[in-house]
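The values are calculated or read from the model by the stated rules, or taken from the named source; none is laboratory data. Computed from a predicted model, the values in this text were never measured in an experiment. Ligands, DNA and RNA are excluded from the accessible area calculation, which covers all protein heavy atoms including side chains. Shrake-Rupley method; radii C 1.70, N 1.55, O 1.52, S 1.80 Å.
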Amino acid sequence: MLNRNPIRLAVCGLVLATLPLLAQTSEGKKLEVLQGPATAKLGAIAQVAVPAGFVFIDGKTLREYLKAVGEPVSDNLLGSLDPTNGDWSVMFSFHDIGYVKDDDKDKLDANKLLQQFKDGTEAANKIRERSKIPPIHVVGWEQPPRYNDITHNLEWAIRGTCEGREILNYDTRLLGRKGVMQVKLIVEPDRFASTLPAFTNLIAGYKFQSGNNYAEYRPGDKVAKYGLAALVAGGAAVGAAKLGLFAWLLPFLKKAWWLVVAALVAAANFFKKIFHRLTGRDEEIRRED
């Protein structure tokens, strides 16, 4: 089928342009792509099960890709999980902010938080306007914030629009003894509902390494300066929602938000193709087609 999406074509061009550079660091044993079923390490802090039909791209390899295409790179990025036959991705980043107390778990005011997002996003639009980036507007909750006090997982989903396009921000925070694992699902809004069950299964295969679990907190450990509500609003990194919805995209102000998301998905697909080529699955897939 002919690809009529100019955004995807632009991203494909970006990937092709960086292919020679990536090939220098992605051939043979240097390519850190793990095929499921397996267990992948997320730094020294956690691990995640890689089911059959998924591949794990380690943080170092992913950061090399982002650097190669000229994107800002965070050392917090520890890797991604990607289905071999799907157009979505799960990104893992750890923030060593300390132990986040969940004292406010029963006081998460969804309406108040939504208004903070709306106010913050409209304020951030002034920054976007100066950078000639289209404004983003908050529509509402796709899933209000909810906290599981048994697994210590905090999750929420919020919808917005940009130039008539729907955008979705789905976030999960996995609380640990020394900080928070940020898990970001990158998926097209119209595929969110169908993708969510598979994502939930992936998160069930995550666990902190011994000594890093939330329940292993000891007096004297570093404690975060904010609680659950501030985590939803953006935490210390963005000043509790002052930058608004999709604040995580602000480092990419020189590019449109959809190019950034598409580039991340393209990165996952690029590594999967390289992996298939190395393992001989490329020929196998062509025969199936």
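Test of understanding: what is the full-extension gain from Glu129 to Asp102, defined as 0.36 nm times their sequence separation minus their Cα-Cα distance?
Roughly 6.0 nm would be gained on extension.
Measure of size requested: the Rg and Dmax of the range 80-227, with Cα atoms as the atom set and Å as the unit; please supply both.
Computed over the Cα atoms of the range 80-227, radius of gyration and Dmax are 16.9, 50 Å.
Once the piece of chain linking Ala110 and Arg191 is laid out straight, how much longer is it, given 0.36 nm per residue of separation minus the C-alpha distance between them?
On the way: separation 81, 0.36 × 81 = 29.16 nm, distance 2.40 nm.
Gain on extension, Ala110 to Arg191, equals 26.8 nm.
Would you mind classifying the range 52-153 by shape? Square roots of the alpha carbon gyration tensor eigenvalues, ordered a ≥ b ≥ c; an a/c under 1.5 is rounded, otherwise it is prolate if a/b is larger than b/c and oblate if not.
Details: a/c = 1.83, a/b = 1.18, b/c = 1.56.
Oblate, since a/c reaches 1.5 and b/c is not below a/b.
Using the Cα atoms of the range 125-169 to build a convex hull, what is its mean projected area in square nanometres?
Working: hull surface 15.6 nm².
Computing the convex hull of the Cα atoms and averaging its projections yields 3.9 nm².
Just reorder Ser74, Ser89, Ser210 by solvent-accessible area, largest first, 1.4 Å probe, all chains present. List each step's numbers first, then the result.
On the way: Ser74 55, Ser89 0, Ser210 110 Å².
Result, largest first: Ser210, Ser74, Ser89.
What three numbers, in Å, describe the spread of the alpha carbons of the range 40-90 along their principal axes, ordered from the longest?
Result, largest extent first: 31, 27, 12 Å.
Report in % the part of the accessible area of the range 51-195 that belongs to carbon and sulfur, leaving out ligands and nucleic acids; probe 1.4 Å. If you can, show how the numbers build up before the last one.
On the way: 2960 of 6630 Å².
Exposed carbon and sulfur together represent 45 percent of the surface.
Past 22 Å, Cα to Cα, is the threshold; run Lys107/Lys225; Lys112/Lys222; Lys107/Lys184; Lys184/Lys207; Lys60/Lys207; Lys105/Lys222 against it and keep the listed order. Mind showing how you got there, number by number?
On the way: Lys107/Lys225 17 Å; Lys112/Lys222 29 Å; Lys107/Lys184 24 Å; Lys184/Lys207 16 Å; Lys60/Lys207 20 Å; Lys105/Lys222 20 Å.
The answer is Lys112/Lys222; Lys107/Lys184.
I'd like the distance between the alpha-carbon centres of the range 95-145 and the range 178-217, rounded to an integer number of Å.
The range 95-145 and the range 178-217 have Cα centres spaced 20 Å from each other.
Using the Karplus curve 6.51 cos²θ - 1.76 cosθ + 1.60 with θ = phi - 60°, what ³J(HN,Hα) values do you get for each residue of the range 149-164, in whole Hz, with x for Gly and Pro?
These are the phi-based 3J(HN,Hα) values: 7, 9, 8, 6, 9, 10, 9, 6, 9, 9, 9, x, 9, 8, 6, x Hz.
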